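Chemist: Please find one structure pasted underneath; my questions will follow.
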Amino acid sequence: MKPFIWNAQFLKARHLIFIFLILAVLMVSSALIELKQSKRELLDLMTEQAHTLLESVITSSRNTLMTNWMMEDLIDERLLNNASIIRNWYEKGQINQSLLSTLAEQNNLYRINIFSADGQKIYSSHPQLHEVETTEAEAILQPIFKGEADTLFIGLREARYQPGYRLAVAVAARDRSAIVVNMDAAQLLEFRKKIGFGSLLRNLSQNPGILYVALQDTSGIVAASGNVEELERIQGSDFLSSSLYDSLFSVRTIDFQKQQVFEAVHPFHFDDEIIGLFRLGISLTPLQLIKDRIYRRIFFISMILLAVGFILFTLLIINQNLEITRRQYQVVETYSRNIIQNVSDAIIVYDQDFVIKVFNHSAEILLGSNESSVVGKRLNTLFNTPEWDNLLQTEFSLQEMALPIRGSLKQLLISKTSYQDEQNRETTILVLRDLTEQKRLEDQIQRQERLTALGQLASEVAHEIRNPLNAIGTVVQQLDRDFQPTHQQEEYHQLAQLVYQEVKRINATIENFLKFARPQPLKPIEFDLNEFIREIESQYRPVFKEKNILYHFEMTDQIRVRWDRDKMKQVFQNLIQNAVEAVKSAGKIQVNAKKRTDGFIEMTIEDNGPGIPADIQQKIFNLYFTTKTSGTGIGLSIVQQIIDQHQGLISFESQAGKGTRFLLRLPQRVDG
């Protein structure tokens, strides 16, 4: 047997080593594949982003050129309008030096000149300027003097005697005189500077990942940003020429200033003309960082694999000796654990220090705690009430008692057994069986039987009493009408009426007996439970406000039920009225409703009143039992009867000084 076991273990070890080597190859291969995949994904992402960026640059560039043209057109139009106005005044003979100066100042014009048809300046807003302008003006204005043009856009020209540039237009008068209007172009040039190519490219190059952005034509660099001194010429590059003339977006990897650069190029067209080629250089540092990271990972994986391989080989020998023992132990442990986990009773095993060792599935359900969260902790993390402390300290083998669990009182059958383990440490097994539902059902059946018997008795007694009562009432009325005593007539009639009223009161009580003994059949209809409770709440809202009662209703789901609406209204009115009467001023009433997984609706009506004394808790559902001076004692009996008709269950929990909580459990739908 031993040689066979050793051979099997050797084969297993060889398989583990083979698997380890395969895993090592897979891990290194996955790192290399990831490197290739990351590189491809990064280049694809850079290509997409570069394309988007260049498209944005081209769009912005077109907008810049268009804006410059529009701005110059607007300024030319403004100058032309001013020149036309001055021409009208000139032709009417209303022009003089003073008027021109005023017009120039008011319209923010740099200078207004009027030249005669022979080129002589005859008016000027600035007469002190050098006369040499006359000769220059004669050359520029010849088309007007000769009648070849009525309007001249002289455009942007550098000032001769002062720094700066001027933008000028000229219009012809009827006598072929020329009215010349110009303005300072400093603002226009500043605007061009802010929105021009240079500003646009500078803003792009501020991104640390962009090494350069340049607009290049066949003659050289038109505009560039970044640390660009020289770029490959278009005419000497097939790549650049193909992209420029074939209108292609292209990418490549090149050397730029002793480093690898990802370059994207895109031709720039404006007004159906080729302006040049935009070139965008993006740093490949992120790709290099990815490579470095993957190589470091491969190195660390290799080191870890070597260390793990050595440790694995060492532990393999040890594990082989423990494997058989472990398997045998696991079989026993699994068998025992399955038995403990699948019994219906809650089982808790703890040691002499009250540290929990075993906590089965039924205990999780009963106590609302996960096994992983309580095993290894002390029992007081679960049970921290005086009742539980007393139970754990008391020696017994089997006992039935009511104990608080998660805010509710549970009726439990408890078994407690202790034994000494192999280390002479005392271990205790606590078995808890939840009898709460069983007790509630038994109590309700007993209450139902008592109420049924009492109702039958009441029905029989009522039938025997009603006829004599009717006779007494008739006789009393007859005597009150027909008989007139000779003395104390008023007192006689008062007593007769008193007897008659009491007979009516007893008869009404009998009617209630009969209604209780023979309840009307259910008339179920479908309705929204939330609206139903809100309707009852609105009836009691003035009472809540008067007694300063804090009322809260909570429902976890939207629930539609099929109940007898009128009878269920009696149930909730009785229970809420009892709660209102129980709490003091500034008390609290809580109503909860939820849908259970078994198709039943569970509702609670809870108050923080003084609670129901323990000595009368078993009597509160009895017919005509009441502790109220003005009560009839029939309210909770009717509630019990209506719940029974709906095939439901009603129970309550009450503690002195802590309040009372009624629990209703009803099927969501009932038939009539």
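Chemist: Would you mind stating whether R40 is surrounded by 12 or more Cβ atoms within 10 Å (Cβ to Cβ) and assigned to a helix (DSSP H, G or I)?
Modeler: Taking the combined requirement at face value, the residue does not satisfy it.
Chemist: What number of residues within the stretch 44-92 are in contact with a strand residue (DSSP E or B) (Cβ under 9 Å, 6 or more places away or on another chain) and within 21 Å of A214 (Cα to Cα)?
Modeler: Selection size over the stretch 44-92: 14.
Chemist: Let me ask something else about it. Within the stretch 225-256, track down each residue that is touching a residue at least 40 places away in the same chain (Cβ under 8 Å) and on the phi < 0 side of the Ramachandran plot.
Modeler: L231, I234, F249, V251, F256
Chemist: Let me spell it out: the conditions are (1) part of a loop (DSSP other than H, G, I, E, B); (2) at pLDDT below 75; (3) not aromatic (F, W, Y), and R176 meets all of them except one. Which number is the exception?
Modeler: With respect to (1) part of a loop (DSSP other than H, G, I, E, B); (2) at pLDDT below 75; (3) not aromatic (F, W, Y), R176 is out only on (2).
Chemist: Next question, about the same structure. Just to be sure, is E546 free of Cβ contacts under 8 Å to residues at least 24 places away in the same chain, in the same structural domain as N574 (by TED's automatic domain parsing) and of a type in the set (D, E)?
Modeler: Here the answer is yes, as E546 does meet what is asked.
Chemist: Can you tell me how many residues within the stretch 43-71 are more than 30 Å from A185 (Cβ to Cβ) and surrounded by 15 or more Cβ atoms within 10 Å (Cβ to Cβ)?
Modeler: At the first step, the residues of the stretch 43-71 found to be more than 30 Å from A185 (Cβ to Cβ) are 43-55.
From what's left, surrounded by 15 or more Cβ atoms within 10 Å (Cβ to Cβ): 43, 46-47, 50-51, 53-54.
The number of residues fulfilling the criteria is 7.
Yes/no matrix, rows are residues, columns are (1) among the charged types (D, E, K, R); (2) closer than 15 Å to L663 by Cβ; (3) at pLDDT 90 or above:
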position: N548; (1), (2), (3): no, no, yes
position: Y551; (1), (2), (3): no, no, yes
position: T556; (1), (2), (3): no, no, no
position: I559; (1), (2), (3): no, no, yes
position: W563; (1), (2), (3): no, no, yes
position: D566; (1), (2), (3): yes, no, yes
position: Q590; (1), (2), (3): no, yes, yes
position: G599; (1), (2), (3): no, no, no
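Chemist: Let me ask something additional. Among (1) assigned to a strand (DSSP E or B); (2) exposed (fewer than 15 other Cβ atoms within 10 Å of the Cβ); (3) hydroxyl-bearing (S, T, Y), there is one condition S225 misses while meeting the rest; what is its number?
Modeler: (2)
Chemist: Please verify whether the stretch 287-297 includes one or more residues that are over 42 Å from the mean Cα position of the chain (by Cα) and touching a residue at least 24 places away in the same chain (Cβ under 8 Å).
Modeler: no
Chemist: Given the criterion more than 23 Å from R661 (Cβ to Cβ), surrounded by 12 or more Cβ atoms within 10 Å (Cβ to Cβ) and at pLDDT below 90, identify the matching residue among F513, F527.
Modeler: F513
Chemist: Would the stretch 633-650 turn up any residue that is in contact with a strand residue (DSSP E or B) (Cβ under 9 Å, 6 or more places away or on another chain), buried (at least 20 other Cβ atoms within 10 Å of the Cβ) and among the charged types (D, E, K, R)?
Modeler: Scanning the stretch 633-650 turns up no residue that is in contact with a strand residue (DSSP E or B) (Cβ under 9 Å, 6 or more places away or on another chain), buried (at least 20 other Cβ atoms within 10 Å of the Cβ) and among the charged types (D, E, K, R).
Chemist: Identify the single condition in (1) within 26 Å of Q420 (Cα to Cα); (2) modelled with pLDDT of 70 or more that Q330 does not satisfy, given that it satisfies every other one.
Modeler: It is condition (2) that Q330 fails.
Chemist: Here's another thing I want to ask about it. Go through the stretch 550-662 and tell me which strands (runs of 3 or more DSSP E), entirely inside it, have 3 or more residues that are of a type outside the set (K, R) and in contact (Cβ under 8 Å) with a residue 12 or more places away in the chain.
Modeler: 550-555, 588-595, 600-607, 649-655
Chemist: Looking at (1) touching a Leu at 6+ places or on another chain (Cβ under 6 Å); (2) modelled with pLDDT under 75, which one does Y335 not meet, given that it meets all the others?
Modeler: (1)
Chemist: Quick check on this structure: which one of Q539, Q573 is modelled with pLDDT of 90 or more and surrounded by 15 or more Cβ atoms within 10 Å (Cβ to Cβ)?
Modeler: Working: Q539 fails: surrounded by 15 or more Cβ atoms within 10 Å (Cβ to Cβ).
Result of the check over Q539, Q573: Q573.
Chemist: What's the number of the only condition in (1) over 18 Å from F270 (Cα atoms); (2) surrounded by 12 or more Cβ atoms within 10 Å (Cβ to Cβ); (3) of a type outside the set (G, A, S) that Q106 fails to meet?
Modeler: (2)
Chemist: In the stretch 29-50, what residues are over 15 Å from R293 (Cβ atoms) and in contact with a helix residue (DSSP H, G or I) (Cβ under 8 Å, 6 or more places away or on another chain)?
Modeler: Step one: list which residues in the stretch 29-50 are over 15 Å from R293 (Cβ atoms), which gives 29, 40, 43-50.
Of everything in the stretch 29-50, just one residue is over 15 Å from R293 (Cβ atoms) and in contact with a helix residue (DSSP H, G or I) (Cβ under 8 Å, 6 or more places away or on another chain), namely L43.
Chemist: So is G659 of a type in the set (G, A, S), modelled with pLDDT of 80 or more and either within 45 Å of the chain's Cα centre (by Cα) or not assigned by TED's automatic domain parsing to the domain that holds K410 (or both) or not?
Modeler: yes
Chemist: Consider E554 against the criteria (1) of a type outside the set (S, T, N, Q); (2) surrounded by fewer than 19 Cβ atoms within 10 Å (Cβ to Cβ); (3) in contact with a helix residue (DSSP H, G or I) (Cβ under 8 Å, 6 or more places away or on another chain): it satisfies all of them except one. Which criterion is unmet?
Modeler: Tallying (1) of a type outside the set (S, T, N, Q); (2) surrounded by fewer than 19 Cβ atoms within 10 Å (Cβ to Cβ); (3) in contact with a helix residue (DSSP H, G or I) (Cβ under 8 Å, 6 or more places away or on another chain), E554 fails exactly one: (3).
The values are calculated or read from the model by the stated rules, or taken from the named source; none is laboratory data. As the structure is a prediction and not an experimental result, all values here were calculated from the model. Here Cβ is always computed from backbone atoms with ideal geometry, including for glycine, and neighbour counts include all displayed protein chains.
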